[in-house]
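Please read the structure below before turning to the comments.
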Amino acid sequence: MSSVSPIQIPSRLPLLLTHEGVLLPGSTMRTSVDSARNLQLVRSRLLKGTSLQSTILGVIPNTPDPASDAQDLPPLHRIGTAALAVQVVGSNWPKPHYTLLITGLCRFQIVQVLKEKPYPIAEVEQLDRLEEFPNTCKMREELGELSEQFYKYAVQILDAVSLEERFKMTIPLLVRQIEGLKLLQKTRKPKQDDDKRVIAIRPIRRITHISGTLEDEDEDEDNDDIVMLEKKIRTSSMPEQAHKVCVKEIKRLKKMPQSMPEYALTRNYLELMVELPWNKSTTDRLDIRAARILLDNDHYAMEKLKKRVLEYLAVRQLKNNLKGPILCFVGPPGVGKTSVGRSVAKTLGREFHRIALGGVCDQSDIRGHRRTYVGSMPGRIINGLKTVGVNNPVFLLDEVDKLGKSLQGDPAAALLEVLDPEQNHNFTDHYLNVAFDLSQVLFIATANTTATIPAALLDRMEIIQVPGYTQEEKIEIAHRHLIPKQLEQHGLTPQQIQIPQVTTLDIITRYTREAGVRSLDRKLGAICRAVAVKVAEGQHKEAKLDRSDVTEREGCREHILEDEKPESISDTTDLALPPEMPILIDFHALKDILGPPMYEMEIAS
Ligand SMILES: Nc1ncnc2c1ncn2[C@@H]1O[C@H](COP(=O)(O)OP(=O)(O)OP(=O)(O)O)[C@@H](O)[C@H]1O
């Protein structure tokens, strides 16, 4: 027991009748005052009074009928709480009222009501001891505060004057409340928000068990992305320098809240680092005879180009790890430069990736952006490596002659490092900021002209000219490669369409004027589309005819045969019978499909 003499509350107290909420000693509550009786009390005691005593009120809970406030005094609860009004705030909206902030001091009991109007005043008897520093009192009431939400229990706690009685009352309440909470936890389904919170908490939890190394981590958290990432870093075969950077970054990531923009940046960076094929490569199939057969099968003519490619492959076969020249195929569009590049990859059994350089005018396209930039990305070389998933693909740098230049730097200068066999084992992309070994990558470049290739770049490459084709070569290419490819693409068979060589020559001389075969290929595509329509229509009609009477069909056929004209593809539309197979593409059909010849006049003259 404290030796400090207990403080006495006044023996007469104005009574504030509350309809909701129970103020317990030691607790603070905000209550709204809007009944006539209480308004009067506030005005004359709290607003006009100047002494400390005038701010002490008797708060009586559980007053039954607020409507009868204006008339007779309703039956009052016997026990109340003496309270100190700490704050009064008045407002006129929506109706005149005050909001009081009151702190409970101690219990009292009404001995007798002395006055009823304009507000009740009662003679009271103090029930609790009120110390000068009422900490103990506060502690005692904390238990009661927990169950304050249960109005009826709060009143019971208020009524329990002795401490023992109060504990007896509150402990079962607390037990019940804990059980209720447990039940709630069990039944509540985890919501998305909760997941987020759990994820937000997890990294913090992990910080506690990180030691200097990445060795000791929990198997239970396998599903966690960051742990997976950490594992991938540990098992990845990246060089030591890159590994060090990754370990440092993942440590930073764990300490970062997910909401930070840098979190996503660092995570993307680490994901790229583990995905990159630092040490993954395909085994080369260096068989010159097979390479020759494959090149011959895929491409007609181009003898000079094929010869040089075979030489190059042969040297590679004899001397592994060749720091050889970069081949650059230069020639007009559509002569098969890209397609030879693809065949080289096929003969070597390597992955193929084409990097279109036409119009690239920013060096960060090649080298990537520094990670400090918003929306930073790795360059095309690193992106290409990520796509193919091996470190020794064939990279076809298409259209090197169409590289641009801008204020953002010269992409050709960035390519110098990439293409220089002496330097490219240490290629540093700005985004990665660690060196990646490009020495295993086979670079082949293509261009339409050498005139616009920067001299320094040209110097690093061996130029192989790919001239245009003669008419005879084009006819051969069409019949060996282009027509079979188009038939396959359009779902046609050689039994359904026949394109004689003379028609191909017609297309070459009268409908195209090019060094390569791309336009010829497109015209053949148009012919196949038109034939596909006829074939599909014919099949439809055939199906219809099958269903009709056979005799009727024969009569019909006789009738048609009577006025049959020489067949042209456009005439077949009106026929009731499917077109004759194979559909022959003669000059008339060609005219119907492709329109009148474009270059006839020139040829005639
Ligand atoms: N000699 C050839 N034998 C077989 N097909 C060929 C030959 N030359 C070209 N082609 C075909 O012509 C098409 C166009 O070739 P490709 O795209 O390789 O041309 P390109 O020279 O790279 O053109 P560009 O310079 O416009 O990129 C391809 O479908 C290719 O298969």
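The values are calculated or read from the model by the stated rules, or taken from the named source; none is laboratory data. This is a predicted model, so every value here is computed, not measured. Ligands, DNA and RNA are stripped out before the accessible areas are found, and what is left, the full protein with its side chains, is counted by its heavy atoms. Shrake-Rupley method; radii C 1.70, N 1.55, O 1.52, S 1.80 Å.
With the whole protein complex present, Met29 retains an accessible surface near 30 Å², based on a 1.4 Å probe.
For the stretch 286-463, the per residue solvent-accessible surface stands at 43 Å², with DNA, RNA and ligands left out and a 1.4 Å probe. Solvent-accessible area per residue in the stretch 225-273 equals 52 Å², computed with a 1.4 angstrom probe and all protein chains kept. Listed values for the stretch 506-522 are Karplus-derived 3J(HN,Hα) couplings in whole Hz (6.51 cos²θ - 1.76 cosθ + 1.60, θ = phi - 60°), namely 4, 4, 5, 7, 9, 10, 10, 8, 7, 7, x, 10, 5, 5, 4, 4, 5, and x replaces Gly and Pro. Averaging the sequence gap over all C-alpha pairs within less than 8 Å and six or more residues apart, then dividing by the number of residues, gives the stretch 225-273 a relative contact order of 37 percent.
The stretch 254-320 and the stretch 328-366 have Cα centres spaced 12 Å apart. When Leu396, Leu594 are compared by accessible surface with a 1.4 Å probe, the order from highest to lowest is Leu594, Leu396. Placing Asp410, Asp296, Asp224 in order of accessible area, with the largest value first and a 1.4 Å probe, yields Asp296, Asp410, Asp224. Per-residue surface analysis assigns Arg522 an accessible area of about 150 Å², computed on protein heavy atoms at 1.4 Å probe radius. The DSSP beta bridges internal to the stretch 286-463 are antiparallel in roughly 15% of cases.
Applying 0.36 nm per residue to the separation of Gln185 and Tyr599 and subtracting their alpha-carbon distance, the gain on full extension is 140.7 nm. Under 5 Å from the amide H of Phe352 lie the amide H atoms of Val394, each residue being 5 or more positions distant or on a separate chain, with H modelled from the backbone and absent for Pro and chain starts. Keeping the other protein chains in place, figure out the carbon and sulfur percent of the accessible area of the stretch 225-273, with a 1.4 Å probe. On the stretch 225-273, the fraction of accessible area on carbon and sulfur atoms equals 55 percent. In sequence order, the stretch 302-315 has phi-based couplings of 6, 4, 4, 5, 4, 4, 5, 5, 5, 4, 4, 5, 5, 5 Hz under the Karplus curve 6.51 cos²θ - 1.76 cosθ + 1.60, θ = phi - 60°, and Gly or Pro positions carry x.
Backbone amide hydrogens, once placed in the peptide plane, bring Phe329 within less than 5 Å of Ala445, Thr446, Ala447, Ile464, excluding anything fewer than 5 places away on its chain.
Here the stretch 10-124 has 51 percent of its accessible surface on carbon and sulfur atoms, given a 1.4 Å probe and all protein chains in place.
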